[in-house]
Amino acid sequence: MAEIGKDLAKAKALLKRGELVAIPTETVYGLAGNALNADAVTKIFEVKNRPSFDPLIVHVASLHSVSHYADNFPLKALALAKQFWPGPLTLLFKKKNIIPDIVTSGLDSVGLRCPNHELTRSLLDKLDFPLAAPSANPFGYVSPTRPEHVNEQLGDKIAYILDGGVCKVGIESTIVGFVHDKPTVFRLGGLSIEEIEKVVGSVDLSLNASSNPKAPGQLKSHYAPGKRVRIGNIEELVQEVVLQRTAILSFQKDYKVPHQFILSKTGNMPEAAKNLFLALRTLDKLPVDTILTEYVPADGLGNAINDRLRRAAAI
Ligand code: TXA
Ligand code: MG
């Protein structure tokens, strides 16, 4: 198992040596390595068992450092960064050569994000390189929102987990790129489309690709637990199953069954997002065969939650 602690000097020393450290962000925990060191980045792909066609997000200390790693900044990208960084927003820019090709899987764009977590911001301030960091889970599985989640799955492969407690947003960053300067959302996430459109006007959506996806968050099966997940009207689905072998993941309603997780008893969407991955992990460990779930109301973060549920069920 990896050591879990709050020692920034230790995290810095490991990263400088090209080792990997799990870092907290407001969205999910990341598996971080020096983004300018191709060997460190190779380790990230190995530890996650991640296919090399899936590019990594590069985490920066502030908007000021963007110009070191990217050029061609659409005005709308700058407006979004000014408004929402640090925060759950990744922006795609044209990459500079200083970013090794392995980071971006050979694409000429790089995803940059300034995360909003005190500990990781202090770490980035102390480093003279940015951090490549995908979510700290094996490829295709549910993202981690607590240090223990990282330790359970990657603990024997990394040296250190920086303990930043429970992730406040709980769902990955929203990814926005610019196609002929038109803001285009490639992954729904912790920043809602409504918030983005308040700043830059209407956006295009490019969320699905069954092969050679722009973002593997676009893959049909992703964020998936080991159990079979079925989405629909829980009251109807429940008629078709053996209750002892079934878990229910509901938005708000208490089904009074032996195995269940309620995302938010008060129907609070940010709370539901924060609980989503914990819920999938918790239910995945129960002695059940199937998880029955339902879509949440499709506004704000609800769309990102529904996207993760759909991919967890691979429909
Ligand atoms: O909230 C987050 O974004 C978390 C935390 C750790 O920052 N990171 C995260 O990374 O979710 P990951 O690797 O699990 O998902 C990143 C997604 C992938 O689907 C990848 O394909 C996409 O971002 N991506 C990265 N760079 C890209 C690029 N240049 N063009 C298109 N998609 C890109
Ligand atoms: Mg991921």
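So the values come out like this:
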| quantity | calculated |
| --- | --- |
| Nearby aspartates and glutamates by direct alpha-carbon distance to Lys227 (threshold 18 angstrom, same-chain neighbours under 8 apart not counted) | Glu152, Glu240, Asp284, Asp289, Glu294, Asp307 |
| Whole-angstrom gap from segment 2-63 to segment 103-132, using each part's C-alpha centre | 9 Å |
| For segment 3-170, Kirkwood radius (reciprocal of mean inverse C-alpha pair distance, Å) | 15.6 Å |
| Members of Lys157/Lys274; Lys182/Lys274; Lys10/Lys157 lying beyond 19 Å, as alpha-carbon distances in this model show | Lys157/Lys274; Lys182/Lys274 |
| Placed amide H near Ala136: partners under 5 Å, 5+ positions off or other chain | Tyr29, Gly30, Leu31 |
| Scaled radius of gyration (Cα, divided by 2.2 N^0.38 Å) that segment 228-313 gives | 0.98 |
| The chain - share of DSSP beta bridges that are antiparallel (%, nearest 5) | 45 percent |
| Under 12 Å from the Glu3 label point (7 Å along Cα→beta-carbon), backbone N, segment 154-183 | 159-162 |
| Helix-only CD estimate at 222 nm, as mean residue ellipticity for the chain, using -39500 (n - 2.57) per DSSP H run (n ≥ 4) | -8000 deg cm²/dmol |
| Compactness of segment 107-211 - radius of gyration and Dmax, Cα, Å | 15.9, 46 |
| Quotient of Cα Rg and 2.2 N^0.38 Å for the chain, N being how many residues it contains | 0.97 |
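Computed from the coordinates by the stated procedures, all read-outs in this text should not be read as laboratory data. This is a predicted model, so every value here is computed, not measured. Heads up, the Cβs are rebuilt from the backbone with ideal geometry, glycines too, and the neighbour counts pull from every protein chain shown.
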